[in-house]
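Written below as structure tokens is the structure these notes are about.
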């Protein structure tokens, strides 16, 4: 599933209550009246449980939930592990909210209404920025808080519709990141394969399936991409760029550059 609600593709969300944190009291429980608008929860600490739309969920650090108008959630927690929740009420606006016959907005909740966020550090940082910016009270702060809300919802959608990468995929993602971060460093396929404890043949097969390119070609593409950036954004010559990226033969650099871009490096100077 790749559909994303229109409300998350533009300025279509409005925060209706100050973003806030609350550490639930030891005897806390919640049996909500029908909600008037959307409510975002993000759990930062503690252990609890939630019943929503006929389904029981466990609440733990990293759990994000989007309640919809009309929901009547029931929740509780372990008083020895009190829940710490960040949240806010908000509404999703129709494309033309002022029109009397405006269509209702798409649902903004992810398909399962909740998920475990994989990048919990990012979610916690967005929650903190959303709270601080909103409470500053100026137009920039309100805009920042709205963008943080949109990003938190996008995180929930992403982690709901895309499966978590397995250990092999995560390792390959890290390797591609390392290559693109420093493309001028010369690495052998055997060296990369050893980082993930695979034979050269196994690594090449998995890397190619993961990126669409064999490792050697991927490294060349990364160097050429960086070379093109340097040629177009600095006053360095093609000879200087080639040297920075580890080429000792300018003709070899030019051939690889032309093979991947369709023209010689001089054209991008």
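Every read-out reported here was derived from the displayed coordinates using simple, explicitly stated rules and does not represent laboratory data. Here the structure is a predicted model, which means the values were calculated and not measured. FYI the Cβ positions are ideal-geometry reconstructions off the backbone, even for glycines, and counts take in every protein chain you see.
See the values below:
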quantity	calculated
Surface/4 of the Cα convex hull for region 34-157, nm²	8.6 nm²
Shape call, region 167-268: gyration tensor on alpha carbons, a/c limit 1.5	prolate
Sequence ranges 111-121, 232-242, ranked by mean other-Cβ count within 10 angstrom, highest first	111-121, 232-242
Contour excess over end-to-end distance, with Cα ends at residue 25 and residue 132 and 0.36 nm allotted per residue	36.2 nm
Peptides 188-195, 127-134 ordered by average Cβ neighbours within 10 Å, highest first	127-134, 188-195
Theoretical FRET efficiency, 1/(1+(r/R0)^6), r = Cβ-Cβ of residue 189 and residue 119, R0 35 Å, to 0.05	0.70
Highest-MSF residue in the chain out of 65, 43, 196 [GNM, Cα springs under 10 Å]	196
Sorted by Cβ neighbour density within 10 Å, fewest at the top, the residues 85, 220	220, 85
MRE, 222 nm, helices only [DSSP H, n ≥ 4, -39500 (n - 2.57), over the chain, to nearest 500]	-13500 deg cm²/dmol
Relative contact order for region 167-268, counting Cα pairs under 8 Å that sit 6 or more residues apart, in percent	24 percent
Angle in degrees between helix 120-136 and the longest Cα principal axis of the chain, rounded to the nearest 10	60 degrees
Helix axis angle, 139-161 relative to the chain longest principal axis, alpha carbon, degrees	80 degrees
Cα-based radius of gyration of region 218-257 once divided by 2.2 N^0.38 Å, which approximates compact folds	1.01
Radius of gyration and maximum dimension Dmax of the chain, Cα, Å	24.9, 75
Residue of 167, 18, 61 that the Gaussian network model of the chain assigns the largest fluctuation, springs spanning Cα pairs under 10 Å	167
Contour excess over end-to-end distance, with Cα ends at residue 80 and residue 32 and 0.36 nm allotted per residue	15.0 nm
Projected label distance in nm at residue 263 and residue 197, using a 7 Å step from Cα toward the beta-carbon	4.9 nm
Net lengthening on full extension, residue 240/residue 161 (0.36 nm per residue, minus Cα-Cα)	23.9 nm
